[in-house]
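The values are calculated or read from the model by the stated rules, or taken from the named source; none is laboratory data. Predicted, not measured: the structure shown is a model, and the values here were computed from it. All Cβ positions, glycine included, derive from the backbone under ideal geometry; neighbour counts span all protein chains shown. Calculation scope for accessible area: heavy atoms of the full protein, side chains included, ligands and nucleic acids excluded. Shrake-Rupley method; radii C 1.70, N 1.55, O 1.52, S 1.80 Å.
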Amino acid sequence: MSNPSLLVLAGDGIGPEVMAEVVKIIGWYGDKRGLHFAVEHDLVGGCAYDAHGTPLTDATMAKAQAADAVLLGAVGGPKYDSLDFSVKPERGLLRLRKEMDLYANLRPAQCFDALADFSSLKKDVVAGLDIMIVRELTSGVYFGEPRGIFKEGNERVGINTQRYTESEIARVARSAFELARRRGNKVCSMEKANVMESGILWRDVVTEVHQAEYADVELSHMYADAGAMQLTRWPKQFDVIVTDNLFGDLLSDLAAMLTGSLGMLPSASLGAPMENGRPKALYEPVHGSAPDIAGQGKANPIACVLSFAMALRYSFDQGDEAARLEKAVEQVLADGVRTADLLGEDGRTPVSTSQMGDAIVAALDASLT
Ligand code: IPM
Ligand code: MG
(Lines give C-alpha, C1' and ligand atoms only; values in the text may rest on other atoms or scores of the structure.)
(Ligands and ions follow the chains in the order given, each with its own letter.)
Protein backbone atom coordinates (compact mmCIF):
# COMPACT_ATOMS: atom_id res chain seq x y z
CA MET A 1 0.00 0.00 0.00
CA SER A 2 1.28 3.49 -0.75
CA ASN A 3 2.11 5.87 2.06
CA PRO A 4 -0.72 8.06 3.33
CA SER A 5 -0.64 11.52 1.82
CA LEU A 6 -0.36 14.81 3.69
CA LEU A 7 -0.95 18.13 2.00
CA VAL A 8 0.96 20.80 3.93
CA LEU A 9 -0.34 24.36 3.55
CA ALA A 10 1.90 26.46 5.79
CA GLY A 11 0.26 29.75 4.77
CA ASP A 12 1.23 33.19 6.04
CA GLY A 13 2.89 34.92 8.98
CA ILE A 14 4.22 32.44 11.52
CA GLY A 15 2.59 29.57 9.58
CA PRO A 16 5.78 28.52 7.74
CA GLU A 17 7.92 28.72 10.91
CA VAL A 18 5.68 26.57 13.05
CA MET A 19 5.02 24.15 10.20
CA ALA A 20 8.77 23.64 9.69
CA GLU A 21 8.87 22.08 13.18
CA VAL A 22 5.99 19.77 12.30
CA VAL A 23 7.83 18.69 9.17
CA LYS A 24 10.80 17.73 11.40
CA ILE A 25 8.47 15.63 13.51
CA ILE A 26 6.87 13.99 10.48
CA GLY A 27 10.41 13.05 9.43
CA TRP A 28 11.07 11.61 12.88
CA TYR A 29 8.04 9.32 12.58
CA GLY A 30 9.32 8.07 9.25
CA ASP A 31 12.86 7.46 10.50
CA LYS A 32 12.12 6.11 13.94
CA ARG A 33 8.65 4.61 13.81
CA GLY A 34 8.39 3.49 10.21
CA LEU A 35 5.39 5.76 9.72
CA HIS A 36 6.02 7.25 6.31
CA PHE A 37 3.89 9.96 4.81
CA ALA A 38 3.90 11.29 1.27
CA VAL A 39 4.20 15.02 1.99
CA GLU A 40 3.33 17.66 -0.55
CA HIS A 41 3.57 21.42 0.05
CA ASP A 42 1.35 24.08 -1.47
CA LEU A 43 0.08 27.63 -0.92
CA VAL A 44 -2.96 29.02 0.87
CA GLY A 45 -3.93 32.53 1.97
CA GLY A 46 -1.95 35.67 1.26
CA CYS A 47 1.03 33.81 -0.20
CA ALA A 48 -1.29 32.09 -2.69
CA TYR A 49 -2.77 35.46 -3.55
CA ASP A 50 0.72 36.86 -4.16
CA ALA A 51 1.59 33.95 -6.44
CA HIS A 52 -1.72 33.36 -8.22
CA GLY A 53 -4.11 36.24 -7.44
CA THR A 54 -6.38 33.97 -5.39
CA PRO A 55 -6.09 32.70 -1.80
CA LEU A 56 -6.70 29.13 -2.97
CA THR A 57 -6.32 27.86 -6.53
CA ASP A 58 -8.61 25.16 -7.93
CA ALA A 59 -5.55 22.93 -8.29
CA THR A 60 -4.75 23.24 -4.56
CA MET A 61 -8.41 22.64 -3.73
CA ALA A 62 -8.32 19.43 -5.76
CA LYS A 63 -5.14 18.29 -3.97
CA ALA A 64 -6.80 18.94 -0.61
CA GLN A 65 -9.82 16.88 -1.64
CA ALA A 66 -7.57 14.00 -2.62
CA ALA A 67 -5.19 14.09 0.37
CA ASP A 68 -5.57 11.73 3.32
CA ALA A 69 -5.20 14.79 5.55
CA VAL A 70 -4.41 18.48 5.19
CA LEU A 71 -2.11 20.30 7.63
CA LEU A 72 -2.56 24.06 7.68
CA GLY A 73 -0.43 26.73 9.41
CA ALA A 74 -2.17 30.10 9.41
CA VAL A 75 -3.51 32.65 6.96
CA GLY A 76 -3.71 36.43 6.80
CA GLY A 77 -1.76 39.54 7.62
CA PRO A 78 -1.98 43.35 7.50
CA LYS A 79 -0.49 43.35 4.00
CA TYR A 80 -3.77 41.89 2.75
CA ASP A 81 -6.20 44.01 4.80
CA SER A 82 -7.17 46.23 1.92
CA LEU A 83 -7.80 43.40 -0.57
CA ASP A 84 -11.27 42.86 -1.90
CA PHE A 85 -13.26 40.63 0.48
CA SER A 86 -13.55 37.84 -2.10
CA VAL A 87 -9.77 37.32 -2.31
CA LYS A 88 -8.82 37.90 1.32
CA PRO A 89 -6.54 35.18 2.76
CA GLU A 90 -9.31 33.92 5.08
CA ARG A 91 -11.48 33.10 2.06
CA GLY A 92 -8.98 30.36 1.15
CA LEU A 93 -9.38 28.70 4.52
CA LEU A 94 -13.16 29.06 4.46
CA ARG A 95 -13.30 27.53 0.98
CA LEU A 96 -11.33 24.52 2.17
CA ARG A 97 -13.66 24.02 5.12
CA LYS A 98 -16.79 24.43 3.01
CA GLU A 99 -15.85 22.39 -0.06
CA MET A 100 -14.34 19.57 1.98
CA ASP A 101 -17.52 19.76 4.10
CA LEU A 102 -15.52 19.72 7.36
CA TYR A 103 -18.49 20.20 9.61
CA ALA A 104 -17.06 19.11 12.97
CA ASN A 105 -14.28 21.28 14.33
CA LEU A 106 -12.68 19.74 17.41
CA ARG A 107 -10.91 22.26 19.61
CA PRO A 108 -9.53 20.72 22.77
CA ALA A 109 -8.49 23.01 25.62
CA GLN A 110 -6.12 21.22 27.91
CA CYS A 111 -4.09 22.84 30.65
CA PHE A 112 -0.60 21.41 30.97
CA ASP A 113 0.46 21.25 34.64
CA ALA A 114 3.66 23.11 33.89
CA LEU A 115 1.65 26.05 32.56
CA ALA A 116 -1.15 26.24 35.12
CA ASP A 117 0.50 29.27 36.74
CA PHE A 118 0.58 31.03 33.44
CA SER A 119 -3.17 31.22 32.96
CA SER A 120 -4.82 34.52 33.74
CA LEU A 121 -7.18 32.55 36.00
CA LYS A 122 -6.32 31.09 39.39
CA LYS A 123 -4.35 27.87 39.28
CA ASP A 124 -7.01 25.68 40.94
CA VAL A 125 -9.57 26.86 38.36
CA VAL A 126 -7.50 25.61 35.41
CA ALA A 127 -5.12 22.90 36.69
CA GLY A 128 -6.03 19.60 35.06
CA LEU A 129 -8.52 21.23 32.70
CA ASP A 130 -9.43 19.04 29.72
CA ILE A 131 -12.41 20.12 27.67
CA MET A 132 -13.33 19.69 24.04
CA ILE A 133 -15.23 22.29 22.07
CA VAL A 134 -16.99 20.90 19.01
CA ARG A 135 -17.70 23.83 16.73
CA GLU A 136 -19.97 23.51 13.69
CA LEU A 137 -17.77 24.72 10.86
CA THR A 138 -19.54 24.74 7.51
CA SER A 139 -22.76 26.63 8.07
CA GLY A 140 -24.41 29.26 10.24
CA VAL A 141 -23.72 32.95 9.87
CA TYR A 142 -20.36 32.30 8.22
CA PHE A 143 -22.05 31.02 5.08
CA GLY A 144 -25.76 31.88 5.28
CA GLU A 145 -27.49 33.81 2.49
CA PRO A 146 -28.45 36.57 1.98
CA ARG A 147 -25.25 38.31 2.87
CA GLY A 148 -23.60 41.50 1.72
CA ILE A 149 -23.56 45.25 2.02
CA PHE A 150 -26.60 46.73 0.30
CA LYS A 151 -28.03 50.15 -0.31
CA GLU A 152 -31.31 50.91 1.45
CA GLY A 153 -32.63 54.38 0.68
CA ASN A 154 -29.67 56.63 1.22
CA GLU A 155 -27.71 54.47 3.62
CA ARG A 156 -25.89 51.14 3.47
CA VAL A 157 -26.97 48.06 5.34
CA GLY A 158 -24.74 45.10 6.20
CA ILE A 159 -26.46 41.70 6.23
CA ASN A 160 -25.45 38.23 7.34
CA THR A 161 -27.77 35.34 7.90
CA GLN A 162 -27.70 32.70 10.59
CA ARG A 163 -29.09 29.56 8.95
CA TYR A 164 -29.05 25.94 10.11
CA THR A 165 -30.82 22.91 8.72
CA GLU A 166 -31.84 20.02 10.96
CA SER A 167 -29.36 17.69 9.30
CA GLU A 168 -26.50 20.14 9.80
CA ILE A 169 -27.28 20.33 13.51
CA ALA A 170 -27.84 16.59 13.88
CA ARG A 171 -24.53 15.55 12.32
CA VAL A 172 -22.39 17.82 14.49
CA ALA A 173 -24.40 16.78 17.55
CA ARG A 174 -23.56 13.15 16.74
CA SER A 175 -19.86 14.03 16.53
CA ALA A 176 -20.07 15.61 19.97
CA PHE A 177 -21.92 12.67 21.54
CA GLU A 178 -19.50 10.16 20.00
CA LEU A 179 -16.53 12.05 21.41
CA ALA A 180 -18.17 12.39 24.82
CA ARG A 181 -18.58 8.62 25.03
CA ARG A 182 -14.80 8.29 24.74
CA ARG A 183 -14.19 11.02 27.34
CA GLY A 184 -16.25 12.20 30.32
CA ASN A 185 -19.62 11.24 28.78
CA LYS A 186 -21.06 14.76 29.11
CA VAL A 187 -22.19 17.20 26.44
CA CYS A 188 -23.23 20.81 26.98
CA SER A 189 -24.94 22.38 23.96
CA MET A 190 -24.74 26.17 23.64
CA GLU A 191 -26.94 28.52 21.58
CA LYS A 192 -29.15 31.57 22.08
CA ALA A 193 -32.57 29.94 22.02
CA ASN A 194 -33.84 32.91 24.03
CA VAL A 195 -33.42 35.25 21.07
CA MET A 196 -32.80 33.21 17.90
CA GLU A 197 -35.07 30.78 16.07
CA SER A 198 -31.99 28.97 14.80
CA GLY A 199 -31.11 28.53 18.48
CA ILE A 200 -34.53 27.02 19.24
CA LEU A 201 -34.10 24.55 16.38
CA TRP A 202 -30.54 23.80 17.52
CA ARG A 203 -31.74 22.95 21.03
CA ASP A 204 -34.63 20.81 19.69
CA VAL A 205 -32.50 18.80 17.27
CA VAL A 206 -29.69 18.18 19.77
CA THR A 207 -32.32 16.96 22.24
CA GLU A 208 -33.92 14.67 19.62
CA VAL A 209 -30.59 13.13 18.59
CA HIS A 210 -29.76 12.64 22.25
CA GLN A 211 -33.02 10.90 23.07
CA ALA A 212 -32.97 8.69 19.99
CA GLU A 213 -29.32 7.65 19.92
CA TYR A 214 -27.27 8.83 22.89
CA ALA A 215 -29.47 8.70 25.98
CA ASP A 216 -26.51 7.22 27.90
CA VAL A 217 -24.61 10.53 27.56
CA GLU A 218 -25.42 13.36 29.98
CA LEU A 219 -26.77 16.36 28.06
CA SER A 220 -27.25 19.92 29.26
CA HIS A 221 -28.07 23.18 27.47
CA MET A 222 -26.79 26.69 28.10
CA TYR A 223 -27.22 30.06 26.47
CA ALA A 224 -23.92 30.86 24.84
CA ASP A 225 -23.40 34.07 26.81
CA ALA A 226 -23.92 32.22 30.08
CA GLY A 227 -21.62 29.55 28.70
CA ALA A 228 -18.86 32.12 28.25
CA MET A 229 -19.37 33.22 31.84
CA GLN A 230 -19.30 29.62 33.14
CA LEU A 231 -16.19 28.87 31.11
CA THR A 232 -14.29 31.53 33.01
CA ARG A 233 -15.97 30.86 36.37
CA TRP A 234 -15.46 27.09 36.61
CA PRO A 235 -14.37 25.54 33.30
CA LYS A 236 -13.87 22.07 34.78
CA GLN A 237 -17.66 21.62 34.92
CA PHE A 238 -17.51 20.94 31.16
CA ASP A 239 -16.46 17.89 29.16
CA VAL A 240 -17.65 18.35 25.56
CA ILE A 241 -19.27 21.61 24.43
CA VAL A 242 -21.13 21.62 21.11
CA THR A 243 -22.03 24.90 19.51
CA ASP A 244 -22.49 26.74 16.23
CA ASN A 245 -19.88 28.29 13.97
CA LEU A 246 -19.77 31.82 15.36
CA PHE A 247 -20.28 31.01 19.05
CA GLY A 248 -17.69 28.26 18.62
CA ASP A 249 -15.22 30.74 17.19
CA LEU A 250 -15.60 33.01 20.21
CA LEU A 251 -15.82 30.34 22.89
CA SER A 252 -12.80 28.46 21.59
CA ASP A 253 -10.58 31.55 21.80
CA LEU A 254 -11.83 32.07 25.32
CA ALA A 255 -11.20 28.43 26.25
CA ALA A 256 -7.74 28.64 24.69
CA MET A 257 -6.69 31.42 27.02
CA LEU A 258 -7.71 29.35 30.04
CA THR A 259 -4.74 27.16 29.22
CA GLY A 260 -2.26 30.00 29.31
CA SER A 261 -1.52 30.69 25.67
CA LEU A 262 -3.25 30.61 22.34
CA GLY A 263 0.03 29.16 21.09
CA MET A 264 -0.82 25.81 22.65
CA LEU A 265 -4.10 24.79 21.10
CA PRO A 266 -4.57 22.46 18.14
CA SER A 267 -7.69 21.70 16.16
CA ALA A 268 -9.09 19.05 13.87
CA SER A 269 -11.78 19.75 11.30
CA LEU A 270 -13.49 16.55 10.25
CA GLY A 271 -16.01 15.66 7.57
CA ALA A 272 -17.66 12.50 6.35
CA PRO A 273 -15.59 9.34 5.77
CA MET A 274 -13.86 8.97 2.40
CA GLU A 275 -13.76 5.73 0.41
CA ASN A 276 -10.75 4.52 2.41
CA GLY A 277 -12.72 4.99 5.64
CA ARG A 278 -10.69 8.00 6.79
CA PRO A 279 -12.65 11.18 7.49
CA LYS A 280 -12.00 14.16 5.26
CA ALA A 281 -9.76 16.15 7.55
CA LEU A 282 -7.84 19.36 8.03
CA TYR A 283 -5.64 20.03 11.05
CA GLU A 284 -4.62 23.51 12.11
CA PRO A 285 -3.59 25.47 15.18
CA VAL A 286 -6.31 27.66 16.71
CA HIS A 287 -3.98 30.68 16.67
CA GLY A 288 -3.66 33.00 13.70
CA SER A 289 -0.73 34.19 11.61
CA ALA A 290 0.64 36.57 14.32
CA PRO A 291 2.18 39.01 11.82
CA ASP A 292 3.75 41.04 14.64
CA ILE A 293 6.23 38.25 15.41
CA ALA A 294 6.41 36.52 12.02
CA GLY A 295 9.84 35.69 10.66
CA GLN A 296 11.60 36.22 13.98
CA GLY A 297 11.77 32.64 15.23
CA LYS A 298 9.71 33.58 18.29
CA ALA A 299 6.51 31.69 17.57
CA ASN A 300 5.41 28.74 19.66
CA PRO A 301 5.09 25.69 17.37
CA ILE A 302 3.24 23.56 19.96
CA ALA A 303 -0.29 24.21 18.66
CA CYS A 304 0.77 23.12 15.20
CA VAL A 305 2.67 20.11 16.57
CA LEU A 306 -0.35 19.04 18.61
CA SER A 307 -2.50 19.44 15.50
CA PHE A 308 -0.32 16.80 13.84
CA ALA A 309 -0.88 14.62 16.92
CA MET A 310 -4.61 14.97 16.28
CA ALA A 311 -3.98 13.89 12.66
CA LEU A 312 -2.22 10.76 13.91
CA ARG A 313 -5.22 10.00 16.12
CA TYR A 314 -8.19 10.91 13.96
CA SER A 315 -6.92 10.29 10.42
CA PHE A 316 -4.35 7.55 10.78
CA ASP A 317 -5.59 5.46 13.70
CA GLN A 318 -2.29 5.99 15.52
CA GLY A 319 -3.66 6.88 18.94
CA ASP A 320 -0.56 5.53 20.72
CA GLU A 321 1.78 7.58 18.56
CA ALA A 322 -0.41 10.65 19.07
CA ALA A 323 -0.14 10.10 22.83
CA ARG A 324 3.63 9.73 22.47
CA LEU A 325 3.84 13.13 20.80
CA GLU A 326 1.53 14.75 23.35
CA LYS A 327 3.66 13.27 26.14
CA ALA A 328 6.81 14.61 24.50
CA VAL A 329 5.29 18.11 24.51
CA GLU A 330 4.28 17.71 28.14
CA GLN A 331 7.81 16.57 29.01
CA VAL A 332 9.43 19.53 27.29
CA LEU A 333 7.17 21.92 29.16
CA ALA A 334 7.85 20.15 32.45
CA ASP A 335 11.57 20.57 31.73
CA GLY A 336 11.01 24.32 31.60
CA VAL A 337 11.54 24.84 27.87
CA ARG A 338 9.55 27.95 26.97
CA THR A 339 8.94 30.05 23.90
CA ALA A 340 8.41 33.76 24.55
CA ASP A 341 4.60 33.52 24.73
CA LEU A 342 4.93 31.14 27.70
CA LEU A 343 7.21 33.38 29.74
CA GLY A 344 5.56 36.74 30.18
CA GLU A 345 7.79 38.96 32.27
CA ASP A 346 9.62 36.29 34.23
CA GLY A 347 13.12 37.15 33.04
CA ARG A 348 14.10 33.74 31.67
CA THR A 349 15.46 33.54 28.14
CA PRO A 350 12.95 32.04 25.75
CA VAL A 351 13.88 29.37 23.22
CA SER A 352 13.31 29.92 19.52
CA THR A 353 10.67 28.18 17.43
CA SER A 354 13.19 25.68 16.08
CA GLN A 355 14.76 25.05 19.49
CA MET A 356 11.30 24.15 20.78
CA GLY A 357 10.88 21.77 17.83
CA ASP A 358 14.30 20.22 18.51
CA ALA A 359 13.42 19.78 22.19
CA ILE A 360 10.25 17.93 21.23
CA VAL A 361 12.20 15.68 18.84
CA ALA A 362 14.71 14.97 21.65
CA ALA A 363 11.82 14.05 23.96
CA LEU A 364 10.45 11.75 21.25
CA ASP A 365 13.87 10.10 21.01
CA ALA A 366 13.92 9.68 24.79
CA SER A 367 10.51 8.01 24.65
CA LEU A 368 12.08 5.12 22.73
CA THR A 369 14.67 4.25 25.35
C1 IPM B 1 -10.58 30.41 13.44
C2 IPM B 1 -10.32 31.74 12.80
C3 IPM B 1 -11.07 31.80 11.48
C4 IPM B 1 -12.54 31.77 11.78
C5 IPM B 1 -10.70 32.98 10.57
C6 IPM B 1 -9.21 33.06 10.29
C7 IPM B 1 -11.48 32.95 9.28
O8 IPM B 1 -10.65 32.78 13.66
O9 IPM B 1 -10.32 29.37 12.81
O10 IPM B 1 -11.05 30.40 14.58
O11 IPM B 1 -13.16 32.82 12.07
O12 IPM B 1 -13.11 30.68 11.73
MG1 MG C 1 -11.20 32.14 15.63
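M264 passes every criterion in (1) more than 23 Å from G227 (Cβ to Cβ); (2) more than 10 Å from ligand 1 (Cβ to nearest atom) apart from (1). Here the condition is being outside any helix (DSSP H, G or I) and within 16 Å of ligand 2 (Cβ to nearest atom); of S252, S267, S220, it holds for S267 alone. Of all residues in segment 172-200, exactly one satisfies the criterion of being within 15 Å of G248 (Cβ to Cβ) and either open to solvent by 60 Å² or more (accessible area, probe 1.4 Å) or acidic (D, E) (or both), namely E191. For segment 340-369, filtered to residues that are more than 20 Å from the chain's Cα centre (by Cα) and polar (S, T, N, Q), the residue that is nearest to Y29 (Cα to Cα) is S367.
When residues in segment 153-171 are screened for being surrounded by 14 or more Cβ atoms within 10 Å (Cβ to Cβ) and touching a Leu at 6+ places or on another chain (Cβ under 8 Å), 3 of them pass. Among the residues of segment 65-81, are any part of a strand (DSSP E or B), away from ligand 1 (no atom under 16 Å from the Cβ), open to solvent by 30 Å² or more (accessible area, probe 1.4 Å) and touching a residue at least 60 places away in the same chain (Cβ under 8 Å)? No - not one qualifying residue is present in segment 65-81.
Of the conditions (1) open to solvent by less than 10 Å² (accessible area, probe 1.4 Å); (2) within 12 Å of ligand 1 (Cβ to nearest atom); (3) not polar (S, T, N, Q), V286 satisfies every one except a single condition; which number is it? So the condition that V286 fails would be (1).
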